[in-house]
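A short write-up of the structure that comes next.
The values are calculated or read from the model by the stated rules, or taken from the named source; none is laboratory data. The model shown is predicted, which means the values in this text are computed figures rather than measured ones. Ideal geometry is used to build each Cβ from the backbone, glycine not excepted, and the neighbour counts take in all protein chains shown.
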Amino acid sequence: MAADGTAILALRSTAKGALSTVVTALKGPTTTPKDHVDHVVTEWGATARLRGQSDGFRAYQIISVANPAFRGELAEAAKAAGLLTQPQVDALKQGIYAAVKAAPEEIREAVANLALEKGALTNDQHTEIIVDLLTPKIPGLVVK
């Protein structure tokens with residue numbers, strides 16, 4: 001209601017463990033029109049300001065805060081719908097590894113496993129993330 005207020009839509013990136021809440025299309029009516037949302041926030045981050053932006057910009061921003069395991073398939077679907085370019089799809093996919101690696105330790109393994117299952121991580125990337133989780137964090141210790 002504030003004249004200079006910001007409308008934030010906050011949501012979990014997944015439901016029931018392995019279903020993305022960020023989807024390419026909604027089924028049924030919506031309670032919040034796209035033009036009434038300034039930012040979407042998930043546990044993976046916040047979008048840039050969305051209000052008044054193109055559908056392609058909105059798609060890129062929202063996919064960038066989706067669970068990393070689903071970003072590749074969401075990006076491909078957005079490209080097929082004419083919303084994203086190949087370089088944008090590539091950029092979203094290239095950010096998956098870093099996002100999983102930066103995930104909180106308590107969820108990192110589960111996210112890495114789901115991302116591997118979805119083909120969003122390579123076996124080598126998955127192994128590196130898991131080994132890093134299992135390696136004791138001792139100051140000054142160098143593991144070779």
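At a glance:
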| quantity | calculated |
| --- | --- |
| Tally of residues being polar (S, T, N, Q) and closer than 21 Å to residue 19 by Cβ across region 37-60 | 2 |
| Exclusive hit being hydrophobic (A, V, I, L, M, F, W, C) and touching a Leu at 6+ places or on another chain (Cβ under 9 Å), set 3, 99, 75, 25 | 75 |
| Hits in region 97-111 - residues which are in a helix (DSSP H, G or I), within 13 Å of the chain's Cα centre (by Cα) and among the small types (Gly, Ala, Ser) | 98, 99 |
| Conditions (1) buried (at least 17 other Cβ atoms within 10 Å of the Cβ); (2) free of Cβ contacts under 8 Å to residues at least 60 places away in the same chain; (3) farther than 12 Å from residue 72 by Cα: number failed by residue 122 | (1) |
| Residue selected from region 128-144 under the condition of a type outside the set (Lys, Arg) and assigned to a loop (DSSP other than H, G, I, E, B), by the criterion modelled with the highest pLDDT | 135 |
| Any hit, region 52-59, residues being outside any helix (DSSP H, G or I), touching a Ser or Thr at 6+ places or on another chain (Cβ under 6 Å), surrounded by fewer than 17 Cβ atoms within 10 Å (Cβ to Cβ) and modelled with pLDDT under 95 | no |
| Hits in region 1-41 - residues which are within 21 Å of residue 55 (Cβ to Cβ) and hydrophobic (A, V, I, L, M, F, W, C) | 7, 8, 9, 11, 22, 23, 25, 26, 37, 40, 41 |
| Candidate set from region 1-47 (those that are closer than 20 Å to residue 84 by Cα, under 14 Å from the mean Cα position of the chain (by Cα) and not in a strand (DSSP E or B)); member that is modelled with the highest pLDDT | 47 |
